[in-house]
Amino acid sequence: SADLALYKTKNSGRNNYQFYHSKMASEMKAEFELENALHKAVEQEEFYLHYQPQVNIRTGKIEGIEALIRWESSSLGPISPQKFIPLAEKTGLIQPIGEWVIKQACQQAKTWQNMGLEFLKIAINLSPQQFQQFNLIDRINEILHSTQLPPQFLELEVTESSLMQNIDLTRETLKVFRDMEISISMDDFGTGHSSLAYLKQFPFQTLKIDRSFIKDLHNNTQEQAIVAAIMTLSRGLNLRVVAEGIENTEQLNILKTLECEQMQGYFFSRPLSAQKMMFFLSNFQKIKD
Ligand code: C2E
Ligand code: MG
Ligand code: MG
Ligand code: MG
């Protein structure tokens, strides 16, 4: 940006429009490149999954494992999901990508089960746009069938923005999943604006308290009050709660006193490759036994 400032002074404001224009053009070019690379990534399967455990600190069990997509582009290098998922959603590529994620994660969960590794559920993030996919239910059914993963071991994580996009369709779809015994989890809870109203209308089993409420939990009494309220609410509604983003013992201890038992975060494990997660699961079992 030093270069840009220099450019502006030299042209003493006269070329502000041109400056602005060329910045837009370079941003558009970057997005265009990213989109091309994403198309290629879908064709050439440049994706893989990382896995992060959800630990119950009271029972010492792993209640779930969240699958998180990773992309190593052959032309652009590693790109974070925060950057490419929104583009995939915008371009419709989220449908093939999302399907790949579900299939891959269910297959992996089944493999771990066959190895006798103990954990309860594989959790998969669904984008709002995936609910518009007319055959989503059929596709998930087919994947469960082909991978032989019983539906009770699948959890779908959705955010409030998913629910808002097409309320009736989404509610019906989620009810079908519920009837199939697939669990539904509300991700990033507390960051939307009408959380409480929607909790009643949709068949959730799990609430994930957003990381932003956990970050300064140990020295922020307001955040403690919010988490305490969420715990009371979830007990009343009989929901399982998972706190996201636990990084240290201070956060863990406060969550314990707030009677939140299930946690996910770097403190327990960073998201790991399938291979490393296998070792994590077998060592975790050894500690427990
Ligand atoms: P999310 O579903 O809320 O996932 C949690 C994010 O927090 C992950 O980031 C995870 O790596 C990160 N995280 C976990 N523990 C900690 C911690 O202790 N500290 C900090 N600072 N971060 C932690 P990631 O993997 O970059 O994913 C970002 C978001 O991208 C996800 O948020 C989810 O919304 C989306 N995403 C990831 N994989 C998929 C996918 O397969 N499909 C869809 N539709 N979205 C995905
Ligand atoms: Mg999630
Ligand atoms: Mg989350
Ligand atoms: Mg998130």
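Sort T159, T111 by heavy-atom solvent-accessible area, probe 1.4 angstrom, most to least.
Values: T159 35, T111 65 Å².
Highest to lowest solvent-accessible surface, that is T111, T159.
Tell me the relative contact order for the chain as a rounded percent, counting alpha carbon contacts under 8 Å between residues six or more apart.
Details: 406 pairs, mean separation 49.5, N = 289.
Here the relative contact order equals 17 percent.
Sorting W100, W71 on solvent-accessible area from highest to lowest, probe radius 1.4 Å, gives W100, W71.
What a 1.4 Å probe finds exposed on segment 89-226 is 49% carbon and sulfur by accessible area, rounded to a whole percent.
The gain in end-to-end length when the H218 to D168 segment is fully stretched comes to 14.1 nm, 0.36 nm per residue minus the alpha carbon separation.
Once the Cα-Cα distance is subtracted from the 0.36 nm per residue extended length, the N253 to Q113 segment shows a gain of 47.3 nm.
Compared with the dominant principal axis of the Cα atoms in the chain, helix 167-179 is inclined by about 40°.
Coupling constants for segment 94-110 follow from the phi torsions by the Karplus curve (6.51 cos²θ - 1.76 cosθ + 1.60, θ = phi - 60°), and in residue order they are 4, 5, x, 5, x, 5, 4, 4, 4, 5, 4, 5, 5, 4, 5, 4, 5 Hz; glycine and proline get x. The angle between the Cα long axis of helix 274-288 and the longest principal axis of the Cα atoms of the chain comes to about 30 degrees, rounded to the nearest 10. Compared with the dominant Cα axis of the chain, that is its longest principal axis, helix 81-91 is turned about 80°.
By how many nm would the segment from E72 to D179 grow when fully extended, if each residue of separation counts as 0.36 nm and the alpha-carbon distance is taken off?
34.8 nm
Accessible area of R211 (1.4 Å probe, protein heavy atoms only, ligands and nucleic acids ignored): about 140 Å². Exposure check, 1.4 Å probe, all protein chains in place: L120 carries approximately 80 Å² of accessible surface.
Restricting to the chain, compute how many DSSP beta bridges are antiparallel as a %, nearest 5.
Here the antiparallel bridges make up roughly 40 percent for the chain.
The values are calculated or read from the model by the stated rules, or taken from the named source; none is laboratory data. No experiment lies behind these values; they were computed from the predicted model shown. Quick note on the areas: whole protein, heavy atoms, side chains included, nothing else; ligands and nucleic acids left out. Shrake-Rupley method; radii C 1.70, N 1.55, O 1.52, S 1.80 Å.
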